[in-house]
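One structure below.
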Amino acid sequence: NLVTGAHTLRVWYGGKQQQRLALLGQLSETDIVHNGKDVWSYRSTTPEVTPSTLTQEQSSTLAKPGVAGITPQAAADAARKAIDPSTAVQVDSTARVAGRAAYQLVLNPKDTRSLIGSVRVAIDARTSVPLRVQVFAKGSTSPAIQSGFTDVSFKTPDASVFEFVPPAGSTVVEGSPFSSSDIPVAPDVAGTEARARAAVLGSGWTAVVETHGASPATAILNQISTPVSGGRLVTSALISVFITDDGTVFAGPVSGAAIQQVAATGHGL
């Protein structure tokens with residue numbers, strides 16, 4: 001459900017052996033606490049607490065949770081990779097994000113065929129850490145996608161933060177092995193199999209990703225798509241997705257007509 005709507009995630013990081021994540025819903029909370037070899041997972045909707053003991057290998061893997069993929073830092077890294085001759089870069093006026101002074105890098109596509117109007121990266125003026133990334137559709141004054149801090153501290157969290165105490169009324173479920181699926185992360189909509197068989201058609205701000213094979217997102221896309229010649233089409237202000245009759249998926253920040261053109265020709269715009 002991280003794909004849609006607005007969500008709040010609290011993150012504490014005390015080094016490779018100590019992390020805590022809390023995904024806050026309107027009436028629910030999911031927590032993962034990693035403290036050395038011990039991991040506690042908790043879901044308020046159950047409510048169940050699951051303790052687990054990690055091997056050294058598992059502990060090291062958990063130190064780099066998949067949730068990092070939706071942080072401002074990860075989004076900023078992706079935005080920086082887009083800086084090439086197809087991008088116009090400028091420094092915007094200063095801003096305040098999470099109560100901190102920041103300056104903004106504004107990335108503008110030179111290719112007018114892209115649905116992306118601009119990407120704005122707010123950088124902390126004191127630490128140079130990305131505080132917020134906003135993606136604007138062409139002609140829009142409100143971000144279509146935003147990942148940013150509402151509150152941030154660069155101090156190491158107190159050790160007590162990672163000492164998990166089961167909430168009152170919860171049930172401790174012993175013996176359940178820890179699974180990476182317990183981590184509240186944004187889903188990989190391409191899926192492992194599809195990602196291995198993906199190709200990028202074109203480049204820059206009009207690049208289209210072509211994937212083959214079933215993926216977790218295909219069923220959802222079929223439900224919200226519109227029948228068109230040769231398949232089904234999903235369009236939005238920021239991205240278009242074309243699913244051919246044989247199941248091939250084309251997705252990119254271009255118009256519906258452009259995505260169908262790419263699918264028909266087999267090469268980028």
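The values are calculated or read from the model by the stated rules, or taken from the named source; none is laboratory data. Since the structure is predicted, the reported quantities are computational estimates derived from the model, not experimental observations. Quick reminder, even Gly has a Cβ in these numbers, built from the backbone with ideal geometry, and neighbours come from all protein chains shown. With ligands, DNA and RNA removed, areas are computed over all heavy atoms of the protein, side chains included. Shrake-Rupley method; radii C 1.70, N 1.55, O 1.52, S 1.80 Å.
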Amide H contacts under 5 Å for Leu54, restricted to residues at least 5 apart in sequence or on another chain and with H modeled in the peptide plane, are Asp38, Val39
From largest accessible area down, sort Lys155, Lys138; use a 1.4 Å probe on the protein chains.
Lys155, Lys138
Ignoring ligands, DNA and RNA, what percent of the 1.4 Å accessible area of the range 76-166 is carbon and sulfur?
51
Accessible area of Thr55 in the full protein assembly, 1.4 Å probe (Å², nearest 10):
80
List residues of the range 227-264, by number, whose backbone nitrogen lies under 17 Å from a label position 7 Å along Cα→C-beta of His212.
243-251, 263-264
The correct ranking of Phe164, Phe154 by accessible area at 1.4 Å, largest first, is Phe154, Phe164
Can you list the lysines whose alpha carbon is less than 26 Å from that of Lys155, not counting same-chain residues fewer than 8 positions off?
Lys16, Lys37, Lys64
Could I have the simple spin-label model distance between Thr87 and Ser203, label points 7 Å from Cα toward Cβ, reported in nm to one decimal?
1.4
Ranked from the most accessible area to the least, with a 1.4 Å probe and all protein chains present, what is the order of Tyr103, Tyr42?
Tyr103, Tyr42
